[in-house]
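A.B. asks: Before anything else, here's the structure in question.
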Amino acid sequence: MTELSPDFALAHNIFNKLYTNLEQVMFGQRRTLQWLLAAFSSGGHVLLEDVPGTGKTTLAKALAISCETEFQRIQFTPDLLPSDILGISIFDPQKQSFRFEKGAIFCNILLADEINRASPRTQSALLEAMAENQVSIERHIRALPSPFFVIATQNPIEFHGTYPLPEAQLDRFAMKFSLGYVSCEQEVAILNSQGQAHPLESLKPCVNLEELQTLQQQVKQVRISEELKHYIVEIVAATRNNAEINLGASPRASLMLMKCSQALSLLDGFEFVTPDVIQELAVPVIAHRLSLDSQSKFSGVETTALVKEMVESIAIPS
């Protein structure tokens with residue numbers, strides 16, 4: 001960590017407050033917590049894919065409690081309708097007119113729990129919101145609060161009653177990663193922390209809305225050289241020229257890799273982006289956007305391994 005200028009030091013301190021709060025609840029997840037905060041502060045969204053019981057929902061709740069913002073949770077089910085998310089107009093007999101009742105999406109932090117259990121029709125209700133921070137309802141465009149952050153979860157081992165997210169939906173997520181299992185010592189610490197009560201019950205807000213907006217603005221000021229911008233584009237463009245990949249990453253992937261790299265660099269205590277941060281984030285930012293051809297898919301090829309190979313094969317700018 002280098003000595004930061006006052007504005008960057010303020011933003012770094014906000015990062016630290018959020019991380020310290022999350023760490024009280026989530027044990028043994030240091031870097032994944034920082035990835036989450038990097039996506040959050042860069043204006044992106046996160047998809048957590050993991051087996052049940054690893055703390056996906058707990059992490060989303062902990063982030064929401066840590067921020068003095070409005071939080072909503074939607075439990076995605078096969079019978080969930082788009083209007084349940086977006087809202088609906090209700091007729092008022094006294095006024096003889098319709099009034100719009102906002103749906104759960106009108107919040108700052110939205111937990112889309114088990115997102116792949118809802119039908120594609122309902123999943124698509126999030127597309128415009130995640131890309132443009134607005135929703136089109138009944139011929140009216142309604143802006144969403146700022147910041148607006150979606151943290152979605154899905155279970156990778158269940159197939160009955162689930163609908164795989166389409167490519168357009170996956171591309172809206174800045175990052176996709178797993179929490180994984182913690183070590184035995186850390187699992188014992190979890191047992192001890194929840195012996196009397198859940199740590200979430202004692203968690204207090206540590207950052208207000210104004211501080212979050214300051215953080216997001218300051219992340220944009222983190223310096224990234226032209227050489228590193230070309231490096232990012234080279235990595236993403238390599239996915240479009242690979243014989244095993246049917247659909248490569250879009251320019252949105254380049255943009256999110258740059259923004260998340262800026263955020264993670266600031267969290268690490270730097271005012272500039274370095275190549276190692278870009279290399280670290282390449283897999284969680286790019287891999288989920290790729291679609292393999294059928295032969296590679298049935299051969300057991302994984303997009304994460306392909307992205308790692310591409311990163312290793314591209315020369316680092318000097």
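A.B. asks: Quick one: which of Leu18, Leu47, Leu59 is outside any helix (DSSP H, G or I), under 16 Å from the mean Cα position of the chain (by Cα) and of a type outside the set (Val, Ile, Thr)? Steps first, answer last, please.
C.D. replies: Values: Leu18 fails: outside any helix (DSSP H, G or I); Leu59 fails: outside any helix (DSSP H, G or I).
None of the other options fit; the residue is Leu47.
A.B. asks: Tell me which residues, restricted to the stretch 195-209, are part of a helix (DSSP H, G or I) and of a type in the set (A, V, I, L, M, F, W, C). Give the steps one after another, and end with the answer.
C.D. replies: Narrowing the stretch 195-209 to residues part of a helix (DSSP H, G or I): 199-202, 209.
Hits for the stretch 195-209 are Leu200, Leu209.
A.B. asks: Please go through the stretch 260-287 and give me each residue that is charged (D, E, K, R) and in a helix (DSSP H, G or I), ordered by number.
C.D. replies: At the first step, the residues of the stretch 260-287 found to be charged (D, E, K, R) are 268, 271, 276, 280.
If the condition is that a residue be charged (D, E, K, R) and in a helix (DSSP H, G or I), then Asp276, Glu280 are the ones that fit.
A.B. asks: Here's another thing I want to ask about it. Quick one: count up the residues across the stretch 210-244 that are closer than 29 Å to Pro147 by Cα and not in a helix (DSSP H, G or I).
C.D. replies: Residues meeting the conditions: 6.
A.B. asks: Which of (1) farther than 16 Å from His45 by Cβ; (2) surrounded by 17 or more Cβ atoms within 10 Å (Cβ to Cβ) does Leu281 not meet, given it meets every other one?
C.D. replies: The failed condition is (1).
A.B. asks: I would also like to ask the following. I'm checking my understanding of the structure. Among residues of the stretch 240-260 that are free of Cβ contacts under 8 Å to residues at least 60 places away in the same chain and among the polar types (S, T, N, Q), which one is nearest to Phe8 (Cα to Cα)?
C.D. replies: Ser254
A.B. asks: Now for a separate question. Can you name every residue in the stretch 47-63 that is over 13 Å from Ala112 (Cα atoms) and surrounded by 15 or more Cβ atoms within 10 Å (Cβ to Cβ)? I'd like the intermediate steps shown before the answer.
C.D. replies: Filtering the stretch 47-63 for residues over 13 Å from Ala112 (Cα atoms) gives 50-55, 62-63.
Matches in the stretch 47-63: Asp50, Thr54, Gly55, Ala62, Leu63.
A.B. asks: Another question, if that's okay. Name every residue in the stretch 198-250 that is of a type outside the set (Val, Ile, Thr), under 26 Å from Ser318 (Cβ atoms) and touching a strand residue (DSSP E or B) at 6+ places or on another chain (Cβ under 6 Å), in order of residue number.
C.D. replies: Residue satisfying the conditions is Arg223 alone.
A.B. asks: Are there any pairs with C-beta distances below 6 angstrom linking a residue in the stretch 294-318 that is farther than 15 Å from Thr239 by Cα to a residue that is modelled with pLDDT of 90 or more and not β-branched (Val, Ile, Thr), with the two at least 6 apart or on different chains, and if so which?
C.D. replies: That search, which allows pairs on different chains as well, returns Ile316/Pro275; Pro317/Glu227; Pro317/Tyr231.
A.B. asks: Can you pull out the residues in the stretch 122-180 that are over 17 Å from the mean Cα position of the chain (by Cα), over 26 Å from Ser89 (Cβ atoms) and among the β-branched types (Val, Ile, Thr)?
C.D. replies: Ile157, Thr162
A.B. asks: State which residue pairs qualify: first residue touching a residue at least 40 places away in the same chain (Cβ under 8 Å) and inside the stretch 137-150, second residue among the charged types (D, E, K, R) in any location, beta carbons under 7 Å apart, and separation of 6 or more residues or different chains.
C.D. replies: Listed pairs, sorted by first residue: Pro145/Glu70.
The values are calculated or read from the model by the stated rules, or taken from the named source; none is laboratory data. The shown structure was predicted, so the numbers you read here are calculated from the model rather than taken from an experiment. Positions of Cβ are backbone-derived with ideal geometry, glycine not excepted, and every protein chain shown enters the neighbour counts.
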